[in-house]
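Okay, structure first, notes after.
The values are calculated or read from the model by the stated rules, or taken from the named source; none is laboratory data. As the structure is a computational prediction, the values presented were derived from the model and not from experiment. With ideal geometry, Cβ positions are generated from the backbone for all residues, glycine too; neighbour counts draw on all protein chains shown. Keep in mind that these areas ignore ligands, DNA and RNA; they rest on the heavy atoms of the full protein, side chains included. Shrake-Rupley method; radii C 1.70, N 1.55, O 1.52, S 1.80 Å.
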Amino acid sequence: MRVVHKKKSRLVSSILQHIKDNIKAYFLVAIVLLIGIVLGVSFVNNLQENQSQEVQSYIQQFVETLKNGTNIDTGKLLSNSLQNNLILAIVMWFAGSTVIGIPIVLGIVGYRGFCLGYTVSSLIATLGTGKGSIFFITSMLLQNLILIPCMLALAVSGIKLYKSILKDKRKENIKGEIIRHTLFSVMMLIFLVIASFLEAYVSSNLFTLCIQLF
C-alpha cells in the first residue's frame, strides 16, 4: 500500500510540476477553449427561429426515441469515439511537431470548445436548465473530464516543442524534443482511449437511465 501511495504521490507531483513549468501555455490554451465555449453558446442564442426549432426538434426526437425503449448501440458509439479521439491525438501530435502547426492546434482546441458550448446550450434551450444540465452531466461530463485536460496537455506539449526549437535549432535538440512530444502524445492517447470506454459503457448507460426516470 505504501508503494502504491508513493507512486501516486510522485505522479501527482509530476503533473503539478508539469503544469507549473508550463503555466503560461496552459493559460493560453484554456483561454482559447473558453473563447470557443462562449462562441458556441452565443451561436445557439443567436440562431434564427427556424434553425433553433430544428435543433430542438432533433434533441426532442432523440430523447423520445430512447424513452420508447430504443437502446444506444454501445459498440458503434465506442468505435466512433475511439476513431474521433485517435484522429484528435494524431492531428494534434503532427501539428504540434511542426513550427507552423501551432495555430492548427489552437484552432482544434477552440473548435472543441465551440462544440461543447453549442451542445450544452442546445440541451438547456431545449430541455430547460435543470434537465439540460442533468443530461449533460450524465451523458458528457465523465469523458470530458478526461478528454479536455488531455487535449489541453497535447496543445501545451506542442507549444513547448515549438519554443524549444526556437531556442535551440540543433538537430540533436529537435530530435529529442520530438521524441518527448511523441511519447507524451502516446500517453495522452491512452487516457483518451479510457475516455472512449467511459463514454460508451458508463455515460451512455447513465444517460439512458436518466431519460427513463424523466
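A few points about this structure:
- For the range 171-192, a residue qualifies if it is surrounded by 17 or more Cβ atoms within 10 Å (Cβ to Cβ) and farther than 20 Å from Asp21 by Cβ, and the qualifying residues are Leu189, Leu192.
- Residue pairs whose Cβ atoms lie under 8 Å apart, sitting 6 or more positions apart in sequence or on different chains, and linking a residue in the range 43-55 that is farther than 13 Å from Leu123 by Cα to a partner that is at pLDDT below 90 and β-branched (Val, Ile, Thr), are Leu47/Val55.
- Of the candidates Asn68, Asn80, Asn85, Asn22, the single residue that is among the polar types (S, T, N, Q) and open to solvent by 80 Å² or more (accessible area, probe 1.4 Å) is Asn68.
- Candidates in the range 36-62 are the residues that are crowded, with 16+ Cβ neighbours inside 10 Å and β-branched (Val, Ile, Thr); of these, the one that is nearest to Ala155 (Cα to Cα) is Ile37.
- Qualifying position, being within 30 Å of Gly96 (Cα to Cα) and in a helix (DSSP H, G or I), among Leu152, Leu127, Leu206: Leu152
- Leading residue by the ranking (least open to solvent (accessible area, probe 1.4 Å)) among those in the range 193-202 that are under 25 Å from Gln60 (Cβ atoms) and more than 14 Å from the chain's Cα centre (by Cα): Ala200
Results for (1) open to solvent by less than 40 Å² (accessible area, probe 1.4 Å); (2) in contact (Cβ under 8 Å) with a residue 40 or more places away in the chain; (3) of a type in the set (A, V, I, L, M), shown as yes or no for each residue.
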position: Ala95; (1), (2), (3): yes, yes, yes
position: Thr98; (1), (2), (3): no, no, no
position: Tyr118; (1), (2), (3): no, yes, no
position: Thr126; (1), (2), (3): yes, yes, no
position: Gly132; (1), (2), (3): yes, no, no
position: Tyr162; (1), (2), (3): no, yes, no
position: Lys169; (1), (2), (3): no, no, no
position: Ser204; (1), (2), (3): yes, yes, no
